[in-house]
Structure formats: structure tokens, C-alpha cells
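Each remark here refers to the structure printed beneath this line.
The values are calculated or read from the model by the stated rules, or taken from the named source; none is laboratory data. Just so it is clear, the structure is predicted and the values come from calculations on it, not from any experiment. Please note: Cβ atoms are built from the backbone with ideal geometry, for glycine as well, and neighbour counts cover all protein chains shown. Heads up: the accessible areas ignore ligands, DNA and RNA and are worked out on the full protein's heavy atoms, side chains in. Shrake-Rupley method; radii C 1.70, N 1.55, O 1.52, S 1.80 Å.
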Amino acid sequence: MTPFRIEPLASSAAACAALSDILIEVVAHGGSVSFMHPLSRDAASRFWETSLASADRGERIVLGAFDRDHLIGTVTLLLDLPPNQPHRAEIAKMMTRLSHRHRGVATALLRAAEQLAIDRERTLLVLDTAVEDGASGLYERFGFQLAGIIPDYALKPHGGLTGTMIYWKRLLAPASCCIMSRSLPSS
Ligand SMILES: CC(C)(COP(=O)(O)OP(=O)(O)OC[C@H]1O[C@@H](n2cnc3c(N)ncnc32)[C@H](O)[C@@H]1OP(=O)(O)O)[C@@H](O)C(=O)NCCC(=O)NCCS
């Protein structure tokens, strides 16, 4: 049983502050989540204000994992993709506070994000994670397939380049495949 609760976050000063705390801590400890160390509180707040406003518009879902009233983890499900990719969603900004790692928080967040994608009839999930200090083990346990590695893709928070691993996972058989296979001649 999950000893913490997971819920979608909407714009609020409290949510923005708690998400900023996590982001600053994760970046300071080498997490590759698009930012460099030291990450200022202003920059972290600006990022989450924009992200939560996007969530309010239904373009993404920012999930929070809570231990009592404390935000201890987060993941974002990006839904607002180009018009020719309405079946797809992306996983981003997966982070757990140092104090709560290795307790299944990220696993529970990923499971919840997948279910939300399925609920929205998304059939393909895509994500990327750093080669060094990334979360490839977590995603592979969830059945994500490695499409490939791009070397020297981004700077690590404390400097030095690292590659990125691109993953994908089908969530449901696309309806068109089912229709096609049903209409094949039996011969
Ligand atoms: C990657 C990250 C989100 C994982 O968070 P987490 O909450 O510790 O993840 P989980 O607890 O679900 O799983 C992590 C490990 O703990 C293990 N675990 C899960 N529940 C456990 C439990 N109850 N007891 C002991 N171990 C457990 C998992 O098997 C897993 O093993 P692994 O280290 O071999 O992969 C976290 O390390 C982080 O924030 N990293 C920095 C940011 C980052 O790199 N994010 C990914 C960007 S794509």
C-alpha cells in the first residue's frame, strides 16, 4: 500500500513554493532536469508559475506526492503536443526529495501519470533521462523501450556534458491497428 497520497496540483503560492524547494534541492544534488546549479528561487518560481498556469489550462498535469502535508515528489504529464500527435503524451520533471528516495514515490507517480494518460486515450508515452544520474532503471522496470542515446546532449547541473536516453512506451493498441487486423482476410 502507498504510504503517501498523489494528487494533481493547481496554481497556488503554496504549490509553487513547495515545487521550487524540490527543484532547487534536486538540481543542487546533480539531478538533470534542465537547470544549472545554483538555481535561484526566482528562476525556480518562474518555472513552476508557468508550468502550473499551463496545468490550469489543461495542457499538462503536474502531480504531487504528499507525505501528510509535505510535497515530497512530483512528475509532469505533458499533454499539449502538436496537432499531428494527439495520441501522445510526455513524462517530464520526475523528482523526489532526498529525504524520501527509495520508498517508491517515483514509482507511484509514474503509475499515476500513466493511468492519467490512458484515461485521456493517449497511446504513446515518451520521455528522456540523463545517461549519468538519470532514472533509466525506473523507466525500464515500467516497460519503457530505449529508442537510443544522444551523446553530449546537455550539461549536468554542476558542469560537464552527459548524454540523454530517449524512451517510449505504448499504452494501448491504437484503434486503427485493431480495425486493420480485424479486417484482414482470414485465408
Ligand atoms: C529518479 C528519482 C525520481 C527516483 O525517485 P524515488 O522516489 O527514489 O524512486 P523509487 O523509490 O520509486 O525507486 C527508486 C529505487 O528504490 C527502490 N524502491 C522502491 N520502493 C522501495 C522500498 N519500499 N524500499 C526499498 N527500495 C525501494 C526501487 O526499486 C528503485 O530501485 P533502483 O534504485 O534500482 O532504481 C530520484 O532519484 C530523483 O529525484 N532524481 C533526480 C532527478 C532525476 O534524475 N529525475 C529523472 C529525470 S528523467
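Of 151, 82, 38, which is the most mobile in a GNM of the chain whose springs link Cα atoms less than 10 angstrom apart?
With Cα springs under 10 Å in the chain, the top fluctuation among 151, 82, 38 is at 82.
Please name which of 70, 8, 86 has its Cα lying farthest along the dipole of region 1-117 towards the positive end, using unit charges on Cβ (Lys, Arg +1; Asp, Glu -1) and the Cα centre as origin.
Farthest towards the positive end: 70.
Counting only protein heavy atoms, what percent of the accessible surface of region 5-123 is carbon or sulfur at a 1.4 Å probe?
For region 5-123, the apolar C and S fraction of the accessible surface comes to 51 percent.
In nm, to one decimal, how far is the residue 34 label point from the residue 170 one, both placed 7 Å along Cα→Cβ?
Label-label distance for residue 34 and residue 170, simple model: 2.9 nm.
Starting from the Cα gyration tensor of region 5-123, take the square roots of the eigenvalues, sort them a ≥ b ≥ c, and report rounded, prolate or oblate (rounded when a/c is under 1.5, otherwise prolate if a/b is larger than b/c, else oblate).
prolate
Assuming 1.002 mPa s and 20 °C, estimate D for region 1-49 with Stokes-Einstein, Rh taken as the Kirkwood radius over Cα pairs, in µm²/s.
D, rounded to a whole number, is 183 µm²/s.
Restricting to DSSP loop positions (anything but H, G, I, E, B) with no more than 15 other Cβ atoms inside 10 Å of their own Cβ, which trypsin sites (Lys or Arg not before Pro) remain in region 1-79?
Counting only loop positions with at most 15 other Cβ atoms within 10 Å, the trypsin sites (Lys or Arg not before Pro) in region 1-79 are 57, 68.
Give the shape of region 59-167 as rounded, prolate or oblate, defined through the alpha-carbon gyration tensor: a ≥ b ≥ c are the square roots of its eigenvalues, a/c under 1.5 means rounded, and otherwise the shape is prolate if a/b is larger than b/c and oblate if not.
Cα axes put region 59-167 in the oblate bin.
List the residue ranges in the chain for DSSP H helices whose C-alpha atoms run 15 angstrom or more along the long axis and whose Kyte-Doolittle average is 1.6 or above.
13-28
Using 1/(1 + (r/R0)^6) with R0 = 25 angstrom and r between the beta carbons of residue 12 and residue 116, what's the FRET efficiency to the nearest 0.05?
That gives a FRET efficiency of 0.80.
Note the full-extension length gain between residue 21 and residue 68 as 0.36 nm times their separation in residues minus their Cα-Cα distance, in nm to one decimal.
Difference between extended and current length: 15.3 nm.
Run the dipole for the chain about the Cα centre, Lys and Arg Cβ at +1, Asp and Glu Cβ at -1, nothing else charged, and hand back the magnitude in debye, nearest 20.
So the dipole magnitude of the chain works out to roughly 440 debye.
Output the relative contact order of the chain, whole-number percent, from Cα pairs under 8 angstrom with separation of 6+ residues.
This gives 20 percent for the chain.
How many Å² of accessible area per residue for the chain, probe 1.4 Å?
55
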